[in-house]
Amino acid sequence: MCEDYRAGATIDFQHDEADLNRKIACPLLVWWGEKGNVGSLFDPLAVWRERASDVRGRSMPSGHNIQLEASEQLLAELHNFLRA
């Protein structure tokens, strides 16, 4: 799993401001556990579409630890993403 902790330091605010008008150009894959809080608090795909032009992903049948709770589905999703 990968989480974004950039906003924790002063320099990160400067970097964020400098990047506000830029979007991530490569395909971005987003997963979140359907039993976790992320999907109920946010629309993860909409949030990332503000920052990237090609966003793909979905909720996975798991909680916070997708790689442990839904490993087979996670691997299948990753293979499909890398083949595209």
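Pairing each residue of region 58-84 that is closer than 19 Å to LYS35 by Cβ with any residue that is among the polar types (S, T, N, Q), provided the two are 6+ apart or on different chains, yields C-beta distances under 8 Å for MET60/GLN73; PRO61/GLN73; LEU68/SER62; GLU69/SER62; ALA70/SER62; LEU74/GLN67.
Name every residue in region 13-27 that is more than 17 Å from ASN80 (Cβ to Cβ) and either basic (Lys, Arg) or in contact with a strand residue (DSSP E or B) (Cβ under 9 Å, 6 or more places away or on another chain) (or both), in order of residue number.
At the first step, the residues of region 13-27 found to be more than 17 Å from ASN80 (Cβ to Cβ) are 13-25.
ARG22, LYS23, ILE24, ALA25, listed by residue number.
Filtering region 13-32 for residues that are loosely packed, with under 13 Cβ neighbours inside 10 Å and in contact with a Gly (Cβ under 9 Å, 6 or more places away or on another chain) leaves an empty set.
Among the residues that make up region 38-50, is at least one of them within 20 Å of ASP16 (Cβ to Cβ), of a type outside the set (A, V, I, L, M, F, W, C) and surrounded by 17 or more Cβ atoms within 10 Å (Cβ to Cβ)? Within region 38-50, one or more residues are within 20 Å of ASP16 (Cβ to Cβ), of a type outside the set (A, V, I, L, M, F, W, C) and surrounded by 17 or more Cβ atoms within 10 Å (Cβ to Cβ). Which of the residues that make up region 53-81 are surrounded by fewer than 16 Cβ atoms within 10 Å (Cβ to Cβ), among the hydrophobic types (A, V, I, L, M, F, W, C) and touching a strand residue (DSSP E or B) at 6+ places or on another chain (Cβ under 9 Å)? Within region 53-81, LEU78, PHE81 meet the criteria. Part of a helix (DSSP H, G or I), within 30 Å of GLU69 (Cβ to Cβ) and modelled with pLDDT under 85, is that true of ALA7? Considered against the rule, which asks whether it is part of a helix (DSSP H, G or I), within 30 Å of GLU69 (Cβ to Cβ) and modelled with pLDDT under 85, ALA7 comes out as yes.
The values are calculated or read from the model by the stated rules, or taken from the named source; none is laboratory data. Predicted model only: the values in this text are computed from it and were never measured. Cβ: placed from backbone, ideal geometry, glycine included. Neighbour counts: every protein chain shown.
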